[in-house]
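The values are calculated or read from the model by the stated rules, or taken from the named source; none is laboratory data. Because the structure is a prediction, the values reported are computed rather than measured. Reconstructed Cβ throughout: ideal geometry from the backbone, glycine too, with neighbour counts over all protein chains shown. In case anyone asks, the SASA skips ligands and DNA or RNA and just uses the protein heavy atoms, side chains included. Shrake-Rupley method; radii C 1.70, N 1.55, O 1.52, S 1.80 Å.
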Amino acid sequence: MKTELIDRKAVEATVKVTVPAAEVDAAFEQVIDDLARRVRVPGFRPGHVPRGVLVKRIGEDALAEEVKEKLIDATFQAAVKEHDLLPISTHFHAHDPVRGQDYSYEVHSELYPEVTLPDLSAITIEAQGRELTEEMVDEAIEELRRDNATLVPVERPVEATDWVLIEARSLPPAGTEEEQPAEGEEPAGSSFPVDLERAHEELVGQLVGMTMGEEREVTLTDETEQGEDGAPRVRRMRIKLVDVKAKEKPEAGEELATQLGMESWDAVVERVRSSIAEDLRRESYEARRSELIDKLVAGSTLELPPGLVRRRQQSLLENLVQDLQQRGETFQSYLARLDARGQREEFEKELIETAERGVKRDLVLERVMEVRGTELSDAELMDALKFLAAQRRQDVGSFVRDMGEEWVANYRFMLTRDKAVRELLAELTGEQDAGAGAEDLVAAAEASLAAEDEAHDHDHDHDHDHDHGHDHDHHHH
């Protein structure tokens, strides 16, 4: 086999591969032998079909196609390796081989880019965590009292601290007629409870003062969805107050401690303090981790592979389609709404920018992992898997079987990459214990997944030992 590097750019390369005629003829023989064992021809025993009959049955074109696939699969990996290429994806310009002739084809590869990191030791982390205060403790204790309150029926107008049960049904937008139910039918609606101390103040303000059995129209602003004018969508609802109860909260003290199953009130307060301190530690760690990643990405230089960006765009679009489906909307209607507001171009630009940020972040963090030589032990992986399995109330064996080997391999990669970030952060801040537990590992990996807007399938984008089989983009011309 002879190879020639025809073209090499930052993230693309083309290699010409030439296979000698003798190897081409050998490939024809091997393919025919293999087909003789597999192809059934009436009147002949398997493996005893005359070659002329066999070739006539399958056709010269189909035979040449099989030989072409065999030759390419047998040679292209060695060809790209010979020129020290690290392909992300490959496709081929290839014609059908001919017996007795050398066979040439071209391998077009998209390559991993060279990533130049900033001086890691010179990065400074400025994010500061919040201090635990007595006000935080008091708020948490008040939350405990609310959670353990007794609901008591009352006969008075609704107050802002009550628990209420309401029936609600959606109304059409303002200016349109409400569809009336058929004669004898009740309007369709649903009942649900509302704890006014936890509800949005916009709803609370409209419920306070209502009396049992009273009906009222309320409006709720949906900040997550925009109307035709680009403003937040306002939803109208007809509600009826079905029940109202006051909350009798237990006093902070030994009685509440007993109710919570704790030995003493001091033990409750200590548990509350410990829980808040842990939340603040995680919050602080995540802020410093985000700052480090932002500075790593901002200080790195690389050329983005177009294929990876396109793949990330597709993933983002698939997530958007799922979100829209959950809200009962189609992607086509969403695009129509953007067109009506003149925001289609802005949307498409933002989609590309988001995809580019995600790909750059991935490649930079992978480079950090490589430079530092970070590895994840089997014990660390098992701890993280056990933690995830426990969250799903599964044993770890069942969990791993359900998720599959490919998912576990991808997840190990994510954990290793985040371990590299965690260890670098510890060196820069001097906080050696930051994010060291299984729960922290899992949380960091989940944060990475959220940042990438992907679920658990990373298509081995980051695996340098690619298996270039038939699942790759084989374009034969």
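Data table
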item	result
Condition check for S104: at negative phi and over 30 Å from the mean Cα position of the chain (by Cα)	yes
Answer residue from the range 230-263, given it is among the basic types (K, R) and over 19 Å from E197 (Cβ atoms) and is most open to solvent (accessible area, probe 1.4 Å) among those	R235
Pair list, Cβ under 9 Å, 6 or more apart: the range 238-253 residue farther than 18 Å from V154 by Cβ, other residue assigned to a loop (DSSP other than H, G, I, E, B) and open to solvent by less than 20 Å² (accessible area, probe 1.4 Å)	I239/M210
Output for the range 1-59, where each listed residue is at pLDDT below 75 and open to solvent by less than 50 Å² (accessible area, probe 1.4 Å)	V39, V41, G47, V49, L54
Qualifying positions in the range 394-410 - among the charged types (D, E, K, R) and touching an Asp or Glu at 6+ places or on another chain (Cβ under 9 Å)	E406
Complete set of residues in the range 158-168 that are surrounded by 15 or more Cβ atoms within 10 Å (Cβ to Cβ) and outside any loop (DSSP other than H, G, I, E, B)	W163, V164, I166, E167, A168
All positions within the range 267-292 that are acidic (D, E) and at pLDDT below 95	E278, D279, E283, E286
Residue match in the range 293-302 (condition: at pLDDT below 95 and part of a helix (DSSP H, G or I))	no
The range 350-392, residues that are part of a helix (DSSP H, G or I), more than 20 Å from E291 (Cα to Cα) and of a type in the set (S, T, Y)	none
Residue match in the range 7-22 (condition: in contact with a Pro (Cβ under 9 Å, 6 or more places away or on another chain) and outside any strand (DSSP E or B))	yes
Every residue from the range 303-333 that is of a type in the set (S, T, Y) and in a helix (DSSP H, G or I)	S315, S333
Candidates E439, E427, filtered to the one that is surrounded by fewer than 19 Cβ atoms within 10 Å (Cβ to Cβ) and at pLDDT 85 or above	E427
Every residue from the range 127-159 that is small (G, A, S) and at pLDDT below 95	A127, G129, A149
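One line per residue, one yes/no per condition, for (1) open to solvent by 10 Å² or more (accessible area, probe 1.4 Å); (2) aliphatic (A, V, I, L, M):
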{"residue": "D61", "(1), (2)": "yes, no"}
{"residue": "D84", "(1), (2)": "yes, no"}
{"residue": "S89", "(1), (2)": "yes, no"}
{"residue": "F92", "(1), (2)": "no, no"}
{"residue": "D96", "(1), (2)": "yes, no"}
{"residue": "Y103", "(1), (2)": "no, no"}
{"residue": "T116", "(1), (2)": "yes, no"}
{"residue": "L120", "(1), (2)": "yes, yes"}
